[in-house]
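A.B. asks: Just passing along the structure, written as structure tokens.
The values are calculated or read from the model by the stated rules, or taken from the named source; none is laboratory data. Since the structure is predicted, the reported quantities are computational estimates derived from the model, not experimental observations. Every residue, glycine among them, receives a Cβ derived from its backbone with ideal geometry; neighbour counts consider all protein chains shown. Side chains included, ligands, DNA and RNA excluded: accessible areas come from the protein's heavy atoms. Shrake-Rupley method; radii C 1.70, N 1.55, O 1.52, S 1.80 Å.
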Amino acid sequence: MSASAGTPMWERMRSPMDGWLPVARRWVRRARYEPKWLVLASLIGVIGGLGAVVFTLALQFATHVFLGGLVGFVPATPAGEGGAPITDALRPWALPFCVALGGLLSGIIVFRLAPEAEGHGTDAAIAAFHHQPRGIRGRVPLVKLVASAITIGSGGSAGREGPTAQISAGFGSFLSRTLDLDQRDSRIAVAAGIAAGIGAIFRAPLGAAVLGAELMYRDDVESSALLPSFIATIVAFSVYGLLLGNDPIFGSQQAYHLDAFQLVYYALIGVAAGIMGLLYLRSFYGVTSWSKRWSPPVWVRPAIGGFVVGLIGLAVPGVLGTGYGWAQASLGRDTLMALPLAMILILPFAKIVATSLSIGTGGSGGVFGPGMVIGGLVGAGIWRLLAPIAPDMPVDPAPFVIVGMMALFGSIAHAPLAVMLMVAEMTGDLAMLAPAMVSVGIAMLIVRDRSIYQSQLATKAESPAHRFRFAMPVLGTLPVRHAMRAPRAVLSIDADVGASIERLDAAGVPGAPVRDAADHYVGVIDRDVLHIADPTATLDDLTDRNAPTLAPADALDDALGTIADSGRQWAPVVDDGLIVGSLSVRDAMTGYRAALAGSVRQVRGLHDAGVLLQAEVSAGSAMDGKTVAEILWPGDVTLVSIERDRRLVVPSGQERLTRGDRRTLLAADASEHAARDILDAAAPPPLTTEAAPSM
């Protein structure tokens, strides 16, 4: 019998990983930017492409089972996906029950297994980018895939980009945890994942690559994500095309001639798209807020929304599923003219209501696809109304439809360039980019700062991902090696609990890195864990192997962000698998002050030693309702940032703190207790006036 016969399977599977994983981590930490992201983004692209393929097949299967089997209905499809025409259902009476059943199954799957998978997945991926790039749970992409396929396949109005974006963004998050990427690289991995999934499912690699950098902010771009997104999207596009084909979704449209006078019409499309975009936003989030107040259980609400969508679909079948087949019909003159004018005019409004009910009640799917369909139908309706009476109109409605797609979703997603490129790739027509610039610009003036993605932030300055860079800009120019120092204590994995406690107490540190017999880094142990542990336990059982580490080349702003997110005041510095130092908040501030010593810039109240403190303004806090200037801050305390509703607020003197605000303070060691006291201080009781005794 072989030696491995009695070894559990998972142990045999883990052994090879234990061999290559440290090597991979060392290579990632030491590799230059270009070769590192060529490898990482290619891996993300492969998973993004495969994820899009699996989701496409799952959606086809779900559509065949639900709409095909229960209702006898074959949804219309675009030219690049078979071009099935618009047909009627054999059993229309079953439609509301079919959509309701899909909503019920989706609700049960999502709310029992991964509640964060509800709604539109792209917004969740954007939130992960800003707040927890390494925190997307492994089950979320799978739950999102299944739930979205059921929602759309049963007739729910939703898009396909949400699940595919979350699949590849989830893999980017998994890759970040596995390879122990720093915070900056983890964010880039998530952004590249979003781009890969969307680029594959829409077969639009260039636009999706730009989207990966443009989608995170309303008025800014994450430029560091551009190159990885380009690599990830082209790989995902190639994988998807190899397995399922990569023809443009809406076929290749002919190049259209543009007359200068027609810009008036495209300006009108921009106005209409902007107004419809606002209606889409208000309807979607209005239904989302309204449904949260319903009395039925959360997993039942998608079924209620689905039943109403099914009733709407009896009168307006174009609201069912993605709606791409109806957008395809609106591109051709003959097919558009064959549809009743009333149907063309009412369909965009009905699609808004159906999408709001399908996703806003807790169903699963994307809002990107429906937004483009709504915009395209707005353009088609304008062409139908103007074609008989207006001069110099295009012969075909396709230019109006294409520009309508770009204008509506480009404005409400605050991603004008990316959406214009994507629609051009999806229709095979680049000639409409010039008039689209007019329409998108006007639509954005109407939409202003409102966004379909609530997790979008205005600029990098508001993102917690960049909080230390913007609060103390010099930090971004300093590497960790500039401020790190030799660790005061390093523990061996085979050490016992008692000896380890003595070692930490002697060094006066709250924790220490742990190494194995070959001196390679294993993880981190905290003194608090040791004090409550079984004395017979070994460090092998108590070590936190998932604790984040730093590399000597990491920037200090990212390092402080990593430390703050970990809940500790320090982190080990690891290079080539070996423990080369440690970095605490004190060390970072010492290095920061040293860098400023020869500079004209001065920072008041900044001292060598320091701790990082974070706490929320709770009910009854003394800070609730006060401005920053009204608070008597202890000496040697710096208010670094205020995080409110997942957005970063500049801590100016006139900024008023409110309940739920998360404050980040940098305090000198001597002022730590005073800083903690002011963070925890309760408001004084209100003064009461006692009635004077009667004489």
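A.B. asks: Just name the residue that is modelled with the lowest pLDDT out of those in region 526-536 that are touching a helix residue (DSSP H, G or I) at 6+ places or on another chain (Cβ under 6 Å) and either open to solvent by less than 60 Å² (accessible area, probe 1.4 Å) or among the aromatic types (Phe, Trp, Tyr) (or both).
C.D. replies: Ala533
A.B. asks: Which one is nearest to the chain's Cα centre (by Cα) among residues in region 499-511 that are in contact (Cβ under 8 Å) with a residue 24 or more places away in the chain and outside any loop (DSSP other than H, G, I, E, B)?
C.D. replies: Residue satisfying both the conditions and the ranking: Gly511.
A.B. asks: Restricting the search to region 512-530, which residues are under 33 Å from the mean Cα position of the chain (by Cα) and either within 13 Å of Arg488 (Cα to Cα) or in a helix (DSSP H, G or I) (or both)?
C.D. replies: Selection gives Pro513 alone.
A.B. asks: For residues in region 435-453 being open to solvent by 50 Å² or more (accessible area, probe 1.4 Å) and out of contact with any helix residue (DSSP H, G or I) (no Cβ under 6 Å at 6 or more places or on another chain), which is nearest to Val210 (Cα to Cα)?
C.D. replies: Across region 435-453, the extreme among qualifying residues is Met437.
A.B. asks: Looking only at region 621-636, filter to residues that are open to solvent by less than 60 Å² (accessible area, probe 1.4 Å) and under 33 Å from the mean Cα position of the chain (by Cα); which one of those is nearest to Leu560 (Cα to Cα)?
C.D. replies: Only one residue fits best here, namely Val628.
A.B. asks: Output the residues belonging to region 101-114 that are in contact (Cβ under 8 Å) with a residue 40 or more places away in the chain and open to solvent by 20 Å² or more (accessible area, probe 1.4 Å). Can you show your working first?
C.D. replies: So in region 101-114, the residues in contact (Cβ under 8 Å) with a residue 40 or more places away in the chain come out as 101-112.
Hits for region 101-114 are Leu101, Leu104, Leu105, Ile108, Ile109, Phe111, Arg112.
A.B. asks: Limited to region 289-319, what total is found for residues that are surrounded by 24 or more Cβ atoms within 10 Å (Cβ to Cβ) and closer than 25 Å to Ala342 by Cα?
C.D. replies: Total meeting the criteria: 8.
A.B. asks: Determine which member of the set Met406, Met432 is at pLDDT below 90, buried (at least 24 other Cβ atoms within 10 Å of the Cβ), out of contact with any Cys (no Cβ under 9 Å at 6 or more places or on another chain) and closer than 23 Å to Gly323 by Cβ.
C.D. replies: So the residue among Met406, Met432 that is at pLDDT below 90, buried (at least 24 other Cβ atoms within 10 Å of the Cβ), out of contact with any Cys (no Cβ under 9 Å at 6 or more places or on another chain) and closer than 23 Å to Gly323 by Cβ is Met432.
A.B. asks: Among the residues of region 265-280, which ones are over 13 Å from Met406 (Cβ atoms) and either outside any helix (DSSP H, G or I) or open to solvent by less than 10 Å² (accessible area, probe 1.4 Å) (or both)?
C.D. replies: Within region 265-280, just Tyr280 meets the criteria.
A.B. asks: What is the one condition in (1) modelled with pLDDT of 95 or more; (2) of a type in the set (Gly, Ala, Ser); (3) open to solvent by 10 Å² or more (accessible area, probe 1.4 Å) that Ala338 does not satisfy?
C.D. replies: In the conditions (1) modelled with pLDDT of 95 or more; (2) of a type in the set (Gly, Ala, Ser); (3) open to solvent by 10 Å² or more (accessible area, probe 1.4 Å), Ala338 misses (1) alone.
A.B. asks: Would you mind stating whether Leu90 is open to solvent by 10 Å² or more (accessible area, probe 1.4 Å) and either in a helix (DSSP H, G or I) or closer than 26 Å to Gln454 by Cβ (or both)? It would help to see each step written out before you state the result.
C.D. replies: Values: open to solvent by 10 Å² or more (accessible area, probe 1.4 Å): yes; either in a helix (DSSP H, G or I) or closer than 26 Å to Gln454 by Cβ (or both): no.
Considered against the rule, which asks whether it is open to solvent by 10 Å² or more (accessible area, probe 1.4 Å) and either in a helix (DSSP H, G or I) or closer than 26 Å to Gln454 by Cβ (or both), Leu90 comes out as no.
A.B. asks: Can we say Asp259 is closer than 25 Å to Thr77 by Cβ and either open to solvent by 10 Å² or more (accessible area, probe 1.4 Å) or not charged (D, E, K, R) (or both)?
C.D. replies: No: the conditions fail for Asp259.
A.B. asks: Restricting the search to region 537-581, which residues are of a type in the set (Asp, Glu) and open to solvent by less than 30 Å² (accessible area, probe 1.4 Å)?
C.D. replies: Hits for region 537-581 are Asp554, Asp557, Asp558.
A.B. asks: Follow-up question, since we're still on this one. All but one of (1) part of a loop (DSSP other than H, G, I, E, B); (2) within 30 Å of Ser566 (Cα to Cα); (3) open to solvent by 10 Å² or more (accessible area, probe 1.4 Å); (4) of a type outside the set (Phe, Trp, Tyr) hold for Asp123, so report the exception by its number.
C.D. replies: Status for Asp123: all satisfied but (1).
A.B. asks: Now, a different point. Does Arg177 satisfy being surrounded by fewer than 24 Cβ atoms within 10 Å (Cβ to Cβ), touching a residue at least 12 places away in the same chain (Cβ under 8 Å) and touching a strand residue (DSSP E or B) at 6+ places or on another chain (Cβ under 9 Å)? Break it down into steps so the answer makes sense when it comes.
C.D. replies: Working: surrounded by fewer than 24 Cβ atoms within 10 Å (Cβ to Cβ): yes; touching a residue at least 12 places away in the same chain (Cβ under 8 Å): yes; touching a strand residue (DSSP E or B) at 6+ places or on another chain (Cβ under 9 Å): no.
Considered against the rule, which asks whether it is surrounded by fewer than 24 Cβ atoms within 10 Å (Cβ to Cβ), touching a residue at least 12 places away in the same chain (Cβ under 8 Å) and touching a strand residue (DSSP E or B) at 6+ places or on another chain (Cβ under 9 Å), Arg177 comes out as no.
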